[in-house]
Amino acid sequence: MIEMSNVTKKYVNGVQALTNVNLKIEKGEFAFLVGPSGAGKSTFFKLLLKEEEPTSGKIYLDNQDITKVSRRKVPYLRRNLGVIFQDFRLLPNKTVFENVAFAMEIVEASSKEIRRQVPMMLGMVGLSERANQYPHQLSGGEKQRVSIARAIVNNPSILIADEPTGNLDPETAWEIMKVLRQINRRGTTILMVTHAKDIVDVMQQRVIALEKGRIIRDEAKGAYGYED
Amino acid sequence: MKIRTVRYIFKQGFVGLWRNRGMSLASIGSVAASLVVLGLIIILVLNINNAAETLQSDFDTVRVYLEEDLTEEETARVGQVINALDDVRMVEYESKEQALANYKESWGEEGYLLEFFQENPLSNSYIIHLWDIETAHQVVAVLENVDGIDEVRYNEEIIQNLLRMATFIRTIGLVLIFILILVAMFIISNTVKLALNARRQEINIMKYVGATNWFIRWPFVVEGVILGLIGAVLALLMVHYGYQYTLEAINLRFTAIFSGYLLPIDTMMQRTTYMFVVLGSGVGALGSIISLRKHLKV
């Protein structure tokens, strides 16, 4: 569950990135966040990750007001939040298995848990055969699937994706969407920032459109609505 | 913290060291150099203090050396003059033969060396014990004007000079050490910065997956401490062997004259080991923490 109430973010340099944003994404929902560049999508992302603090307003993740969480507790907050990026961000000197296991190691999971959980996640994203290969041996779509496996391996309740299909050809992009849909069906809330018009139009999910820091549209089964 | 985490932290620390071998060597070298200089200063100051203490046993006496060609009457007259002074408690006469015999005794086995003198080079002297050492200055001033006295030796001055020298060396040394340690810290923080840059991507992912700040920081602190410790060990070895060599060289050339005043190597190492280890790891830890504060926003 993601909720923003009257959130405004003004940077020190005077740029007003978000203005009075009110929003609620229920648990298990799949939502797209669309809008032209500079609309405030990145700021939205950073506020959820608590990389930035809102100038005013409140942000709730699973009913917890994260604006009240101290800096020291931020890591524990982020464990409930899986993140995937357009550029995958895999570690080149680690195998597929190790890349996924890494996320568990740094939250100090036991090696028993790691041995059980990582193959399960790799199976889920269809990469069981590739466990011992290195990122450079994989295609773009496979890399993104590794990064998805890494994002969900600690069972976060929310997955946020920053243009996960931006670097992929249309066919591969659909494979990724299938995986995300599957994860969503297991009950994970997904918020995906995207510019992919065809994907948004076909998926028939909730679409939230940002422009100049304001929500200008929020439709339950929306379309992309831009011509870019 | 789990054992596996500790292992991970140490492994990453060593990987960082190895990845930037050049800078690691520079860091270790600068820590070692600073500590060696510190070692030199400690050796000087401790030895001077020790010498001063050894001399302190003769502290309350003033020694008056008599002119070479004084007759017995004249010698006795000088003795009376000294005895007449209010501040003098007791006067002892030491003939030059007696003085030579005393030297022979105190040099022990090497005493035979003194037999090579064809003529006794020493002088007859009076050893003056004072009621109160505070009055030494006045007594010395009076004695310097007495006929028949060649030289007045007053140990307190030597001791004061030694102690002044020790203080001077210590002050200059502390300033020098302070600067050297700052340099060492700066080099270590740069080395850690390189290690940080090499792991930027990894750290970025760690942050998003929810690694705690200290989980991210520890490997770098470990790296800095290891650098400092290796530097400290190197410096200890250099100080140990350097001092040992110097002691041997001095004993060989100057026989026993100095050895009584020099501290043995064990005492020296006892005083430096602990200090070096603490300083080395402290400088390392501080260096990396400075780097982390500046370059790692977690």
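Bear in mind that the values in this text are calculations on the coordinates, not laboratory data. All figures in this text were calculated on a predicted structure; none of them were measured in a lab. Please note: Cβ atoms are built from the backbone with ideal geometry, for glycine as well, and neighbour counts cover all protein chains shown.
For this structure, a couple of remarks:
- Neighbour cut-off at most 12 other Cβ (10 Å), DSSP loop, GluC sites (Glu not before Pro), the stretch A:1-106: A:26
- Each Lys and Arg adds +1 at its Cβ and each Asp and Glu adds -1 at its Cβ; summed about the Cα centre, the stretch B:177-294 shows a dipole of about 560 debye.
- Of A:193, A:74, A:153, the one that fluctuates the most in a GNM where chain A has Cα springs shorter than 10 Å: A:74
- With loop membership from DSSP and a limit of 15 other Cβ atoms within 10 Å, the longest segment of chain B without trypsin sites (Lys or Arg not before Pro) is B:3-296.
- Ranking B:250, B:28, B:1 by Cα position along the charge dipole of chain B, where only Lys, Arg, Asp and Glu carry charges on their C-beta atoms, puts B:1 farthest toward the positive end.
- Taking N as its residue count, the alpha carbon Rg of the stretch A:1-150 over 2.2 N^0.38 Å: 1.21
- Entries in A:94/A:197; A:9/B:294; B:2/B:294; A:41/A:73 that, when Cα-Cα distance is taken, lie over 32 Å: A:94/A:197
- Global form of the stretch B:186-233, assessed from the alpha-carbon gyration tensor, a/c cut-off 1.5: prolate
- Basic side chains Lys and Arg get +1 at the Cβ, acidic Asp and Glu get -1 at the Cβ, and with that the dipole of the stretch A:1-99 about its Cα centre reaches some 340 debye.
- Helical contribution to [θ] at 222 nm, DSSP H n ≥ 4, -39,500 (n - 2.57), averaged over the protein assembly as shown, rounded to 500: -18500 deg cm²/dmol
- 10 Å Cβ shell holding at most 13 others, DSSP loop, GluC sites (Glu not before Pro): longest site-free stretch of chain B: B:145-298
- Modelled spin-label separation between residue B:142 and residue A:157, with each label point placed 7 Å from Cα along the Cα-to-Cβ direction: 9.7 nm.
- With Cα atoms, 0 to 90° folded angle of helix A:140-152 axis to chain A main axis: 80
- Calculated P(r) of the protein assembly as shown - Cα pairs past 46 Å, %: 45
- Environment charge of residue B:42, counting only residues whose C-beta is closer than 10 Å and scoring Lys/Arg +1, Asp/Glu -1: +2
- What you get for the stretch A:91-155, charging only the Cβ of Lys and Arg (+1) and of Asp and Glu (-1), is a dipole of about 80 debye around the Cα centre.
- Cα-based Rg / Dmax (Å) for chain B: 29.9, 101
- Of the GluC sites (Glu not before Pro) found in the stretch A:139-228, those that fall in a DSSP loop while having at most 14 other beta-carbon atoms within 10 Å are A:227.
- Approximate shape of the stretch A:91-155 as ellipsoid semi-axes (Cα gyration tensor, √5λ), whole Å, largest first: 18, 12, 10
- Cut-off of 10 Å, at most 12 other beta carbons, DSSP loop: longest stretch of chain A lacking such trypsin sites (Lys or Arg not before Pro): A:1-185
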